[in-house]
Amino acid sequence: MAKISHIFLNKNKKMETGRNRSTGWQHAKLTGHINESNVEKLFSDDNFKRNFCERIGILPIEKVKVGGLYEKDVDCILGGKTKSKTDLQLELSNGSLINISIKKGLGGQVYLIGVDRFISGFEKQFNKKVPDDINEFLHFYFYGNEKTSQILSDRKFIEGMPPTILKYQKNHNRLVWEHLCRYNKDGADNLLNWFKYNISEITEFCFSRGLAINESEWAHYVWYINLLGEEDVDMLISIDEIKKSAANHADQILPGSKNGGSTIQLPFGFVQWHQCQIQFHHSFSKISDIIRNEIE
């Protein structure tokens, strides 16, 4: 499959600020319509399709098999159904398929999943066992370890901790990085190292596979497309490139600096607790930076 090229357009526009809630909603709605319209030109605009193929060096598009921004349920590796990471599936003139994940914004959620489903899905997708100590500390850091409330009541672990951070941890039944290190520094370091050693697979899990069992549903490329306002960008990136660049920048995997370390910073974004689940965020800025570093 041809390597996708990087296309940067109009990214030097002045950032807009001061948008209130009402105008923000209107802007988001308008942005969605405009971007969806651009994506859906692949269905009917022959010139747009031809230009798209030339940009990324692929054979002519025969069919657009999955439409634009519409999700569909696919077979899940854990049983039942799940959402595919593919938003757009292109069948080329030689019968091969190109799957594209569309990002309309420069940052935000790329994957939200429960801790146990993440561990089980990761193990099955990559045939790699998550060690028991990592399993335990994933539950400590994100949600669901039975020992958490006991640790948060033990004076030897909470002495001198800011009340706001202690309250935050009790409310969310988790340990932030500072407290995790107080409890077991080696265990915390092992968790961070696990993210570093497995960042390529984690990247693929978040951007390409998710819990989809069939390879035909996995995304190959990310298309950042937003042709309105301050997030004016049009960039296509091979997910293999993101994986490779993320692995080469694993030194960027560090605890966040706020709230005692409530996030873990990643080469492609960050990961945090959200509603008792693991929430991975993507960042166009981070991804484009690590890829530029590879090229340079």
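The values are calculated or read from the model by the stated rules, or taken from the named source; none is laboratory data. Small disclaimer: the values here were computed from a predicted structure and weren't measured. So basically every Cβ, Gly included, is an ideal-geometry build from the backbone, and we count neighbours across all protein chains shown. The accessibility values were calculated without ligands, DNA or RNA, using every heavy atom of the protein model including side chains. Shrake-Rupley method; radii C 1.70, N 1.55, O 1.52, S 1.80 Å.
Would you calculate the separation in nanometres between label points at S257 and R117, each defined as 7 Å from the Cα along the Cα-to-beta-carbon direction?
Using points 7 Å along Cα→Cβ, the separation is 3.4 nm.
With the full set of protein chains in place, find how many percent of the accessible area of the stretch 184-244 is carbon and sulfur; take the probe as 1.4 Å.
That fraction is 40 percent.
Any idea what the alpha-carbon Rg over 2.2 N^0.38 Å comes to for the stretch 70-125?
1.37
Can you compute the FRET efficiency between D189 and E91 using 1/(1 + (r/R0)^6), with r the Cβ-Cβ distance and R0 = 45 Å? Round to the nearest 0.05. Kindly include the intermediate steps, with their values, before the conclusion.
Numbers: r = 47 Å, r/R0 = 1.04.
After rounding, the FRET efficiency stands at 0.45.
Quick check on the stretch 189-252: take the gyration tensor over C-alpha atoms, sort the square-rooted eigenvalues as a ≥ b ≥ c, and tell me if it's rounded (a/c under 1.5), prolate or oblate. Could the numbers behind the result be given before it?
Details: a/c = 2.54, a/b = 1.40, b/c = 1.81.
It is oblate, given that a/c is not under 1.5 and a/b is not larger than b/c.
Which percent of the accessible heavy-atom area of the stretch 93-180 goes to carbon and sulfur, probe 1.4 angstrom?
47
Cross-link list K83/K286; K41/K124; K124/K185; K49/K83; K104/K167; K83/K196: which exceed 32 angstrom alpha carbon to alpha carbon?
K41/K124; K104/K167
If R₀ is 35 angstrom, what is the calculated FRET efficiency for the pair R55 and N248, using the beta carbon separation as r and rounding to 0.05?
Working: r = 26 Å, r/R0 = 0.73.
So the FRET efficiency works out to roughly 0.85.
So, taking all protein chains as they sit and a 1.4 Å probe, how much accessible area belongs to D75, in Å² rounded to tens?
Spelled out: D75, probe radius 1.4 Å, area about 70 Å².
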